[in-house]
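Remarks on the structure that follows.
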Amino acid sequence: MNRYIVAVLVNNQFGVLNRVTSLFRRRQFNISALTVSETESNEFSRITVTFEGEEDNKQQLINQLYKLPDVCSIKELNNDNSVSSELLLIKMKNDPATREDIRAAADAFKAKSMDYSRDSIVFQLTGDSRRIDDFINLMRDYTILEICRTGIVSLEKGSSTIRKVTNL
């Protein structure tokens, strides 16, 4: 199976996210990451979906997405044509026996300490999914209390924007 990232520009209205994600469900695609936010204009929202599937099925899905009335534009993104990032918050047990090792690992990844208490330390890390995964895997040697990570946010490189090709 291939991994895909698709940005969908939609009208910023009630129920649009449900209609878009329902289409993925009906086409039997599993969404592995989903981010949604307003754009530079509050008229539109941008939905970035990461999912796995076959090329033929992905193209059918995109064609079906274009048929939804609130979908304005769709852009398939990849490492060659876009800049992507993800955010991780990870809460680690603050154990005196491992504290220095955890801090050294966090420093090596340039993770930022966001909260420090007697019992836990919260780190923030941004970067591509591989970097986030590598940091989490390293931290598995210690006691992870909680993980929260965003999906991928991604913008096309250069001056082109998702709004230049619209379905309006």
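Against the conditions (1) farther than 21 Å from residue 132 by Cα; (2) touching an Asp or Glu at 6+ places or on another chain (Cβ under 8 Å); (3) in contact (Cβ under 8 Å) with a residue 40 or more places away in the chain; (4) in a strand (DSSP E or B), residue 45 satisfies every one except (3).
For region 80-92, the criterion of being at positive phi and either hydrophobic (A, V, I, L, M, F, W, C) or at pLDDT below 95 (or both) is met by none of the residues. When 102, 147, 74 are screened for being in the same structural domain as residue 16 (by TED's automatic domain parsing) and either of a type outside the set (Lys, Arg) or loosely packed, with under 14 Cβ neighbours inside 10 Å (or both), only 74 passes. Scanning region 67-126 for residues that are assigned to a strand (DSSP E or B), among the small types (Gly, Ala, Ser) and more than 24 Å from residue 159 (Cβ to Cβ) turns up 113, 120.
Only residues that are assigned to a helix (DSSP H, G or I) and not β-branched (Val, Ile, Thr) were counted across region 129-149, and they come to 9. Number of residues in region 38-71 that are surrounded by fewer than 18 Cβ atoms within 10 Å (Cβ to Cβ), within 17 Å of residue 9 (Cβ to Cβ) and in contact with a strand residue (DSSP E or B) (Cβ under 6 Å, 6 or more places away or on another chain) equals 3. In region 150-168, of all residues being in a loop (DSSP other than H, G, I, E, B) and within 18 Å of the chain's Cα centre (by Cα), the one that is surrounded by the fewest Cβ atoms within 10 Å (Cβ to Cβ) corresponds to 157.
The values are calculated or read from the model by the stated rules, or taken from the named source; none is laboratory data. Computed from a prediction, not measured in an experiment: that's the story for all the values here. Counting neighbours? That spans all protein chains shown, and the Cβs are built from the backbone with ideal geometry, glycine included.
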